[in-house]
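The block underneath contains the structure these notes are about, expressed in structure tokens.
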2 protein chains.
Amino acid sequence: MNGADLLCETLLANDVDVCFANPGTSEMHFVAALDRRPRMRCVLGLFEGVVTGAADGYARMTGRPAATLLHLGPGLANGLANLHNARRAASPVVNIVGDHASHHLALDAPLTSDIESLARPMSHWVHRIGSAGAIGEDTARAIEAARAEPGRIATLILPADAAWNAVAGVAVPKARPRPPASPDPARVARAAQALRSGGETVILLSGKALRAGPLATAGRIARATGARLMAQQSNARIERGAGRVAVERVPYRVDQALAAFAPVGRVILVGARAPVAFFAYPGKPGGMLPPACEVIAMTTEDDDLALAVEMLAGALDLPRDLDAGAARRGEAALPRGALTPEAIARALARLMPENAIVCDESVTSGRDFFRHTEGAAPHDFLQLSGGAIGVGLPLALGAAIACPDRKVVLLQADGSGMYTLQALWTQAREAADVVTIVFANRRYAILHAELRAVGAGAAGRNAGRMLDLDDPELDWVRLAGGMGVEAARAETAEAFADLLAAALARRGPFLIEAVLQGGDRG
Amino acid sequence: MNGADLLCETLLANDVDVCFANPGTSEMHFVAALDRRPRMRCVLGLFEGVVTGAADGYARMTGRPAATLLHLGPGLANGLANLHNARRAASPVVNIVGDHASHHLALDAPLTSDIESLARPMSHWVHRIGSAGAIGEDTARAIEAARAEPGRIATLILPADAAWNAVAGVAVPKARPRPPASPDPARVARAAQALRSGGETVILLSGKALRAGPLATAGRIARATGARLMAQQSNARIERGAGRVAVERVPYRVDQALAAFAPVGRVILVGARAPVAFFAYPGKPGGMLPPACEVIAMTTEDDDLALAVEMLAGALDLPRDLDAGAARRGEAALPRGALTPEAIARALARLMPENAIVCDESVTSGRDFFRHTEGAAPHDFLQLSGGAIGVGLPLALGAAIACPDRKVVLLQADGSGMYTLQALWTQAREAADVVTIVFANRRYAILHAELRAVGAGAAGRNAGRMLDLDDPELDWVRLAGGMGVEAARAETAEAFADLLAAALARRGPFLIEAVLQGGDRG
């Protein structure tokens, strides 16, 4: 047994049994060790952003870390943007980053780089394995670090010699459980007191407080106290749809968010932080709450949020039979005519199957989805959590691997979809049950709006050259076909609804290029 | 005028007039400033690896830095792998990385990250702009840093408020010239003395010593002294082909490199470092020179290498009429039959036009090219310099933008081509005159060899799932077509040669998917 074998054994002994991978020469002993362990499911991404984004999607749906396998500093670098998103989503991930053998580093061979410096900004925990004998304990510690509540990024650097050196008589360690912390009853009592005292109050929920159970409890609290339930603008996962308690989200636009909070005198944070603007703008505040707004942080970062919501309900002594106010099943009509984002939202509201997983990287085009699907079939809603575009296709892949019996629907903007389009190939290879809807507006629509917002007016030649994708037009049907994913184009609402119904009725990946009409391209 | 205007003015005043870009909201004032300056050529990449790889190709062919425009930490992260390659190629690049406004950072908005930690491993120089008023001087310093011999990566972090705040009465500064250092005559004399003393000697050339002029002089030195001329395994740019003095390269495989240097008693380094193995292997040395080999470093890092070679020739007092031993024009026959890497090399040797730029990211499949094209039409040969795959398509794009009157030929492995295939779209948009040859072997062939080398034998299921690209097969004709690049597939040598001739005879991007035959897929 060598160090790589011990690494694999430790992963498997701790239920890390999916490895999203793009290996290279320095990881070849690890690849050979994986080859000896068919229990590990190895999923190849043709680019590391696919690897890390898939690990994020897998973690969001299972609550467990997958391993990633990355090739030295540049391989890690390619995966960093989606690790940034995973970190913001509080997804547990265990990255295995191969490096040169320890004695080779001083030679500064071409692929040498400072892996620690690259890893730290997107990792909560970084460790370089010192020797083959330490691999088991180091791996167990990495898994513990990843499992820490609410979910962390652990990056383990694996020197090639640690992988290839022999180990003997070393036990395969178990990672210690990392249960969430119990919320502080005093904080809960303070929140309860605030809720009893009335006034315009928002309960801002995040993380695991956005699952159906805690939301139902939060709905009862809201009904009893008159508080409003809100979620951050971007959330790792919300359980929503018919039968679930709906939450509104903090608006993306600064002016809208300020207006939403203007009358609010008190915000109770449950897993959330006080809302801030996504970007800064001249003359506008960064914080979205009015200066006089009282902020009550009811939980700490590693608290059990579901328990916190239950404790709050208990402290309020709610009537047992109070209705939570869950959303009722809507009866959306199929859209007709022009293919607009709203038409797509309405078709989805009508056609989505029970228990779908909806991944959203539609940026501007998908904003209609949320409001149209409150009464749709119950579903999970996974968003771009860290703002680093390119998560959609990999996220959907990882969710499909996590939940093979559920249909995944991906709302994908064209500009951000191009970042990690390689994920389509892995979707085809793994027969991932994903319907991808590409919102083809042929531009970075959000940036056109931002350009207008800075007072620069309409885009001239240089700005247009940087914000438009229409010269040449991307052909997503061919791109998908080139990677083995069946695809078709829709240019009307009727054609879209027909394609969507057909795609949802079959299994395996399918892509619909939804060509948006002129008026809805911005 | 705001800070962003001053930044643009400073770039243009210092002949940085191409900006490879993928901007976001935090860079919108910079985009607006670029929009007011049509002299700046803005080239959009649909992924940041395209942006930085193109800047590398541009720098290798012009010797001048382009600017890149990247969106916060994740945008930089996406470009790091090709910055790693650019750094190893000693390409000058000025990265402009947008960040949140200074006062916004403490809010830890979703896209916030530690940009400096991400930038440092792949940058020689990193600086965060402190205020709008400092932008001119900071930009000039960044350009100076990038221009330092032999070429450096300078990363300038641009807070949004520095871009949008007004500046008045600030002059547009000129970057000071950074001429290369003059080689130390004592070092040159020592090298000359060593060459006169005989024995098996290698002159290992790198960087600008691999241009036609210094190579001709080095050829005369070699003829007079019996020394062998060699280049590193991977080189940023070699001027080669008929009429130029040929160099052999250090072999990639450790055993072959050790054998090549076994009889060598002395190595004279001209811009190069002592050769090391690309990767470490159990029981094999990392350095490729025999223990007793004398190493003479004739130059320092910032020396004028062309001058150093001239000084060496002068110190040796070579006869004026000594022939340099340049390669003679070969008369390659067109290949027939099976489509193999060798057939592709022979077709290129026959059909390449004068003065082509050949970019090579063919990994295993392209190794035949080098030996078959010593007597081909003179051309520049640009390699994957840092081992971070995904440089090929962007590098060719950047070279085409640098040299619009020259034909660019790209030798592209399929696995590495998938890393940054988005570059095809920019090739189409910019009508880049690039013929891309995809060596479609449907696998990471190099890794199959490495897996055998670690004694793991043939790939089993898990290893095969990580090293093969054949399920499903990639269809490069559709992928290229999806991004607006004409493409066709060749499965025989004759068909390939016909397609190549046709592609070379027209202008603009064209892709040939060369489907390699079974025996030549590894």
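The values are calculated or read from the model by the stated rules, or taken from the named source; none is laboratory data. Here the structure is a predicted model, which means the values were calculated and not measured. Heads up, the Cβs are rebuilt from the backbone with ideal geometry, glycines too, and the neighbour counts pull from every protein chain shown.
Here's the yes/no breakdown for (1) surrounded by 18 or more Cβ atoms within 10 Å (Cβ to Cβ); (2) under 24 Å from the mean Cα position of the chain (by Cα):
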residue: B:A181; (1), (2): no, yes
residue: B:G199; (1), (2): no, no
residue: B:M230; (1), (2): yes, yes
residue: B:G241; (1), (2): yes, yes
residue: B:V247; (1), (2): yes, yes
residue: B:V254; (1), (2): yes, yes
residue: B:Y281; (1), (2): yes, no
task: Could you please let me know if A:T340 is away from chain B (no Cβ under 14 Å) and either touching a strand residue (DSSP E or B) at 6+ places or on another chain (Cβ under 9 Å) or farther than 21 Å from A:L215 by Cα (or both)?
output: yes
message: Residue under question is B:P404, and the condition is that it be in contact (Cβ under 8 Å) with a residue 24 or more places away in the chain and in a helix (DSSP H, G or I); does it hold?
response: no
- request: Given the conditions (1) more than 12 Å from chain A (Cβ to nearest Cβ); (2) touching a Leu at 6+ places or on another chain (Cβ under 6 Å); (3) assigned to a loop (DSSP other than H, G, I, E, B), report the number of the one that B:P23 does not fulfil.
  value: (1)
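Listed here are the residues, each with its yes/no results for (1) touching a residue at least 40 places away in the same chain (Cβ under 8 Å); (2) farther than 14 Å from A:M28 by Cα.
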residue	(1), (2)
B:M418	yes, yes
B:Q422	yes, yes
B:T426	yes, yes
B:F439	yes, yes
B:A449	yes, no
B:D471	no, yes
B:L479	yes, yes
task: Report yes if some residue within the stretch A:194-202 is touching a strand residue (DSSP E or B) at 6+ places or on another chain (Cβ under 7 Å), without any contact (Cβ under 8 Å) to a residue 60 or more places away in the chain and either assigned to a strand (DSSP E or B) or not basic (K, R) (or both); otherwise report no.
output: no
message: Anything in the stretch A:261-279 that is buried (at least 19 other Cβ atoms within 10 Å of the Cβ) and either more than 14 Å from every other protein chain (Cβ to nearest Cβ) or aliphatic (A, V, I, L, M) (or both)? List them, or say none.
response: A:F261, A:V264, A:R266, A:V267, A:I268, A:L269, A:V270, A:G271, A:A272, A:V276, A:A277
query: Which of (1) under 17 Å from the mean Cα position of the chain (by Cα); (2) within 11 Å of another protein chain (Cβ to nearest Cβ); (3) of a type outside the set (K, R) does B:F47 not meet, given it meets every other one?
result: (1)
query: Which members of the stretch B:405-431 meet the condition of being of a type in the set (V, I, T) and over 23 Å from B:L80 (Cβ atoms)?
result: B:V408, B:V409
field: Criterion: aliphatic (A, V, I, L, M), out of contact with any Ser or Thr (no Cβ under 8 Å at 6 or more places or on another chain) and within 22 Å of B:G398 (Cβ to Cβ) - qualifying residue of B:A154, B:A145, B:A166, B:A171
entry: B:A145
query: From the residues in the stretch A:444-487 that are of a type in the set (G, A, S), under 26 Å from B:V477 (Cα atoms) and more than 7 Å from chain B (Cβ to nearest Cβ), which one is surrounded by the fewest Cβ atoms within 10 Å (Cβ to Cβ)?
result: A:A487
query: Would you pick out the residues in the stretch A:106-125 that are more than 35 Å from the chain's Cα centre (by Cα) and not acidic (D, E)?
result: A:A106, A:L107, A:A109
message: Among the residues that make up the stretch B:381-400, is at least one of them over 17 Å from the mean Cα position of the chain (by Cα) and assigned to a loop (DSSP other than H, G, I, E, B)?
response: no
query: From the set of residues in the stretch A:118-177 that are over 25 Å from B:V454 (Cβ atoms), of a type in the set (A, V, I, L, M) and touching a Lys or Arg at 6+ places or on another chain (Cβ under 6 Å), which is surrounded by the most Cβ atoms within 10 Å (Cβ to Cβ)?
result: A:M122
- line: Filtering the stretch A:404-449 for residues that are at pLDDT below 95 and β-branched (V, I, T) leaves a count of 1
field: A:E137 vs. criteria within 14 Å of chain B (Cβ to nearest Cβ), in a helix (DSSP H, G or I), at negative phi and of a type outside the set (K, R)
entry: no
query: Name the pairs whose Cβ atoms lie under 8 Å apart, with the first residue in the stretch B:99-125 and facing another protein chain (nearest Cβ under 8 Å), the second surrounded by fewer than 18 Cβ atoms within 10 Å (Cβ to Cβ) and part of a helix (DSSP H, G or I), and 6 or more positions between them or separate chains?
result: B:D114/A:R120; B:S117/A:R120
statement: Selection from the stretch A:151-161 of residues over 15 Å from A:H84 (Cα atoms) and either in contact with a strand residue (DSSP E or B) (Cβ under 8 Å, 6 or more places away or on another chain) or of a type in the set (S, T, N, Q) (or both) yields A:L156, A:I157, A:L158, A:P159, A:A160
message: Contact list please: Cβ distance under 7 Å, first residue in the stretch B:233-253 and closer than 27 Å to B:A388 by Cβ and more than 14 Å from chain A (Cβ to nearest Cβ), second residue of a type in the set (K, R) and crowded, with 20+ Cβ neighbours inside 10 Å, pairs at least six apart or on different chains.
response: B:R237/B:R60
query: Looking only at residues in the stretch B:487-522 that are in a helix (DSSP H, G or I) and not aliphatic (A, V, I, L, M), which one is modelled with the lowest pLDDT?
result: B:D520
query: Does at least one position in the stretch A:131-142 carry a residue that is within 30 Å of A:A257 (Cα to Cα) and acidic (D, E)?
result: no
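I'd like to verify a number: residues in the stretch A:76-98 that are within 12 Å of another protein chain (Cβ to nearest Cβ), under 28 Å from A:F278 (Cα atoms) and not in a loop (DSSP other than H, G, I, E, B), how many?
13
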